[in-house]
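Note sheet for the following structure.
Just so it is clear, none of the values below were taken in a lab; they were calculated from the coordinates. Keep in mind that this is a model prediction, so the values were computed, not measured. A quick note on method: Cβ atoms are made from the backbone with ideal geometry, for glycine too, and the neighbour counts reach across all protein chains shown.
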Amino acid sequence: MATPNIKGFHHVAYRCRDAKETVEFYNGILGMDFQLAIAEDHVPSTGAYDPYMHIFLDAGNDNVLAFFELPEQPDMDRDQNTPEWVQHIAMRVESMEKLLEAKAHLEVSGLDVLGPTHHGIFKSIYFFDPNGHRLELVADIGTPEQMTQLHEVAPAMLKEWSETKKAPRHAAWLHEKIAAET
């Protein structure tokens, strides 16, 4: 049996509190084009009655970020057993200059922005959308050689983590690079 030949994400969907407010934020603050909306009273895959508005926003490079507003469901919340910093949506910007421009724009728009945070192969800023979703904007700074090295050690790191649940040191050079630059 052949494995699926994945070509990318068609869309990634999250829940929102208010579809209009969400479109206004992602379009007005982040410049993402509002592509389309689908609204139904019944869920096509299950047939269940559950009215929804499903909105789609262009995240660039044929990537789509989508949201569902579900007015008849209990108020949305996040997974209380997962730290707030874990679940997030990370989007790429083209350079450090653009990342710093985005930070200034977000702050002028009234958002609290954390960062830039140095991750060795990228730097990023963090903020929240009106739904409480943590967002991250990322500027890649890693070299092709660094990315190759990280790719090569990934299986060994995962194996060690699975056995010990302690941070492997295969890519310690990444954190040493951060310390040297700060």
## Note on the structure
Helix 144-164 sits off the longest principal axis of the Cα atoms of the chain, rounded to the nearest 10 on a 0 to 90 degree scale, by 80 degrees
## Note on the structure
Exposure proxy check on Tyr49, Tyr14, Tyr26: fewest-to-most Cβ neighbours within 10 Å is Tyr49, Tyr14, Tyr26
### Task
Would you please give the FRET efficiency between Thr143 and Ser109, computed as 1/(1 + (r/R0)^6) with r the Cβ-Cβ distance and R0 = 35 Å, to the nearest 0.05?
0.60
### Charge dipole magnitude, Cβ of K and R +1, D and E -1 - the chain, Cα centre, debye nearest 20
720 debye
### Task
Note the full-extension length gain between Glu181 and Leu100 as 0.36 nm times their separation in residues minus their Cα-Cα distance, in nm to one decimal.
27.4 nm
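Taking the Cα centre of segment 8-77 as origin, sum charge times position over the Cβ atoms of Lys and Arg (+1) and Asp and Glu (-1), and report the length of that vector in debye to the nearest 20. Kindly include the intermediate steps, with their values, before the conclusion.
Numbers: 3 positive and 13 negative charges, 30 e Å.
Approximately 140 debye in magnitude.
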### Task
Would you please give the residues with an amide H less than 5 Å from that of Met32, counting only those at least 5 places away or on a separate chain, with H modeled from the backbone geometry?
Asn27
### Hypothetical label at Ala90: residues of segment 119-144 whose amide nitrogen lies under 19 Å (7 Å Cα-Cβ projection)
119-129, 133-144
### Task
Quick one: of Lys98/Lys177; Lys20/Lys123; Lys123/Lys159, which pairs are farther than 29 Å apart, Cα to Cα?
Lys20/Lys123
### Query
Given a Förster radius of 41 Å and the C-beta distance between Ser45 and Trp173 as r, what FRET efficiency does 1/(1 + (r/R0)^6) yield to the nearest 0.05?
0.35
